[in-house]
Amino acid sequence: MRTSIKRTRQCQVCGERKSEIDLIHGDHIREVLKPTIRTDFPNWDDNGFICLKDLNQYRTRHIQEVFETERGEVSELEAKVFRNIREQEVLANDTNQKFDQSLTIGARIADRVAEVGGSWTFIIGFLCCL
Ligand SMILES: [Zn+2]
């Protein structure tokens, strides 16, 4: 009989037990990130795990620190991007949907005509008629 065991481990940062799929082993984390993590969790160990959610928070924080160090400041837009990444919000809206909503009736009809006129069914049918 085959058994399915979902193995869980504890994240050293948030302390939650999570599936191994959602965790990264300390050995696989970039060395440049480790000091940032140890700022908040001095006992954080390379032999332990960190969840993806927490790791992404530290990645974002590290990138922001690099920006601040190299450029001396972070623009308002960059700060907003970092904040949105931390809060895991969508940065880009569905531009196709907005574009479709902005089309006029004439443009929609032209799109439909081009779609039908450019289809293989129409082309083959047209050739057969000739
Ligand atoms: Zn965690």
- request: Give me the angle, in degrees from 0 to 90, between the Cα long axis of helix 105-117 and the longest principal axis of the Cα atoms of the chain, rounded to the nearest 10.
  value: 80
field: Mean separation of Cα contacts under 8 Å (6+ apart) over length of the chain, as relative contact order %
entry: 17
- prompt: So who's got an amide H within less than 5 Å of the one on Gly48, skipping anything under 5 residues away but keeping other chains? H placed 1.01 Å off N, in plane.
  reply: Gly26
- prompt: Spin-label point model (7 Å from Cα, Cβ direction): what's the Lys98 to Val116 distance in nm?
  reply: 3.2
task: Would you compute, from DSSP H runs of 4+ residues alone, the mean residue ellipticity of the chain at 222 nm, taking -39500 (n - 2.57) per run and dividing by the full residue count, rounded to the nearest 500?
output: -16500 deg cm²/dmol
task: Round to the nearest 10 and give me the degree value, 0 to 90, for the angle of helix 120-129's Cα axis relative to the longest principal axis of the chain.
output: 20
task: Report, in whole Å, the centroid distance computed from the Cα atoms of region 61-77 and region 3-54.
output: 25
task: With everything on Cα atoms, drop me the angle between helix 52-71 and the longest principal axis of the chain, reported from 0 to 90° to the nearest 10.
output: 90
field: Rounded to whole Hz, the Karplus (6.51, -1.76, 1.60) HN-Hα couplings of region 8-17, x for glycine and proline
entry: 10, 9, 9, 6, 6, 8, 8, x, 7, 8
Potential lengthening between Ile109 and Thr69 on full extension [0.36 nm per residue; Cα-Cα distance subtracted]: 9.0 nm
- line: Taking Thr36, Thr69 and counting other beta carbon atoms within 10 angstrom, the fewest-first order is Thr69, Thr36
field: Under the Debye formula (equal points on every Cα, no solvent term), log10 I(q)/I(0) of the chain at q = 0.10, 0.18, 0.21 Å⁻¹
entry: -0.61, -1.05, -1.23
message: Cut-off under 21 Å on the C-alpha distance; same-chain residues fewer than 8 positions from Lys34 excluded. Which lysines are left, in chain and number order?
response: Lys18, Lys53
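All of the numbers you see were taken from the coordinates with simple rules; none came from a lab. Source: prediction; values computed, not measured. Don't worry about glycine lacking a Cβ; one is built from the backbone with ideal geometry, like all the others, and counts go over all protein chains shown.
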